[in-house]
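Input: a single structure, listed below in structure tokens.
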Amino acid sequence: MKSTFSGWRYLWKSEDIRRKLIITFAILALYRLVANIPAPGVDFAVLAAFRASSSGSGNFLDFLDLLSGGTVSNFSLLSMGVYPYITAQIILQLLIPIIPALQRRMEEDPREARRWQEKWTYYLAVPMAALSAIGQINIFNSLSIQALQQPILAFGFTADQWLNSVTVLLAMTAGTMFAIWLGELISEYGIRGQGLSLIIFAGIVSQMPANLASLLSDAETRVFMLIFTVVIIVLTVFAIVFVQQGRRNVPVMYPGRRMGNRMSMPVKGTLPLMVNLSGMIPLIFASAILQFPTILASYFTNSENAGVAAFFTSVQNFFGGTGTSNWGYWTLYFFMVVIFTFFYTSVLFDQQNYGENLKKVGATVPGVHTGPPTQKYLSTVQRRITLPGALFLGMVAIMPFLLGLLLRLFNLGAASSQTGLFLVSSSGLLIVVGVVRDTFMNIDAELKLHGYQDSLLVR
């Protein structure tokens with residue numbers, strides 16, 4: 001342990017690492033500055049009244065604000081953040097095993113295929129950002145009309161509104177691409193490979209002070225809520241670290257090396273299989289799917305047909321209400337996260353093709369034939385260990401609902417209605433812990449690469 005952390009006292013002495021840290025912090029500061037710039041055409045008086053009428057209700061807007069740092073409720077240029085890019089990335093990853101031509105392309109030339117996938121992810125992110133912007137505007141206007149009988153933003157493609165509508169769509173889409181560009185700059189010139197993760201991380205962390213102030217606003221319950229929040233955060237972080245670090249080490253025998261006329265003995269090794277291979281992706285994907293009915297319903301809530309308007313209003317209320325009374329929504333959310341965890345893990349695992357890769361280097365799993373039988377065996381093992389990881393992600397997803405029910409047992413109804421605040425301590429913390437861990441490992445590797453470790457330093 002001492003040797004692991006020994007190089008960190010030289011963190012600021014390395015000119016290269018210091019430059020990367022300064023660039024990273026500067027870009028994140030720029031991102032948070034731009035995140036406070038509102039979209040054009042927003043009626044700020046209506047927006048303020050709408051936010052006041054919906055605050056603390058555990059509604060759909062609290063859910064949309066989860067990972068954005070408050071940019072959604074502020075109707076910022078960066079309201080969508082980098083999530084259209086992530087969604088596009090997930091879609092392409094899911095299409096690869098479905099379309100045989102893409103699968104062959106990945107197997108024939110993986111490096112070129114990754115370049116192709118990255119290029120088309122950028123292309124797909126643009127229409128995804130535009131569609132997300134249209135959906136967000138319609139949701140805001142629909143909820144605002146229901147609450148205040150006034151839209152937040154004049155939007156539509158009629159003769160008198162099309163110019164304003166195109167302007168706000170271009171501005172919000174450009175904001176998303178700007179956020180993606182900032183993330184790429186961090187990955188290239190700052191902390192390597194952590195750009196998009198740190199962009200999301202900055203949004204989550206920026207919301208924590210406001211959430212803490214809201215939790216402590218009630219003088220009667222502030223002490224209890226402070227202790228309760230700290231306990232929940234500590235337990236959640238411990239559970240996240242425990243599950244994320246979980247591995248199943250499958251024994252593997254590697255062939256010996258030829259040394260002159262002799263062959264060395266086979267080498268024993270292990271193949272670590274992760275309990276949670278999919279990370280945060282199932283949560284993001286499930287929430288994106290559950291947002292779609294709300295976006296679709298927002299187009300029909302103002303229909304002239306009373307029956308149609310009532311039906312789609314009920315759909316919007318079901319998928320948009322994230323309070324503790326909406327059992328159906330949270331149950332559906334839990335099962336969708338579990339299903340997507342298994343599905344996405346299977347896709348990722350099949351793409352790695354351990355069976356063929358082990359066969360190429362002459363390695364074998366004891367008692368299992370090489371090639372497809374090895375892949376089948378490892379897939380079976382991976383599915384078994386994915387079950388606890390999937391259930392854990394499902395519990396993380398519905399943590400706000402569970403916390404709300406727990407607070408109701410203590411007769412803290414007002415606090416239990418603010419379940420959106422606890423999203424930071426569940427889903428948000430899953431990302432925060434993951435990003436901190438990956439960033440820590442990245443910096444530690446950079447320090448060792450530059451020789452900043454006591455065991456490597458020449459005295």
Taking the Cβ-Cβ separation of Glu356 and Val381 as r and a Förster radius of 22 Å, what is the calculated FRET efficiency to the nearest 0.05?
0.85
Sequence-distant lysines (8 or more away, or on other chains) whose Cα lies within less than 24 Å of Lys268
Lys359, Lys360, Lys376
Near the amide H of Val250, under 5 Å away, which other amide H atoms are found, from residues 5 or more places off or on another chain, if H is placed in the peptide plane?
Leu271, Leu273
Provide the packing ranking of 100-113, 201-214, i.e. peptides ordered by the mean count of other C-beta atoms within 10 Å per residue, highest first.
201-214, 100-113
Between Arg248 and Leu95, what is the label-point separation in nm under the 7 Å Cα-to-beta-carbon projection?
3.2
In what sequence do Leu77, Leu33 fall when counting other Cβ within 10 Å, fewest first?
Leu33, Leu77
Just to confirm my numbers, what's the Cα centroid distance between the range 375-391 and the range 125-168 in Å?
43
Kindly rank 116-124, 375-383 from highest to lowest mean number of other beta carbons found within 10 Å of each residue.
375-383, 116-124
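For the range 121-231, what class follows from the C-alpha gyration tensor (a ≥ b ≥ c being the square roots of its eigenvalues): rounded when a/c is under 1.5, otherwise prolate if a/b is larger than b/c, else oblate?
oblate
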Quickly rank 229-238, 273-282 as a protection proxy: mean count of other C-beta atoms within 10 Å, highest first.
273-282, 229-238
Can you spot the lysines whose alpha carbon is less than 30 Å from Lys20's alpha carbon? Ignore those fewer than 8 places along the same chain.
Lys2, Lys119, Lys448
Rounded to whole Å, √(5λ) for the Cα gyration tensor eigenvalues of the range 13-207, largest first, gives 33, 23, 14
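Taken together, the values in this text are just the output of simple stated rules run on the coordinates, not laboratory data. Since the model is a prediction, treat every value here as computed from it, not as a measurement. Positions of Cβ are generated from backbone atoms using ideal geometry, with glycine treated the same way; all protein chains shown enter the neighbour counts.
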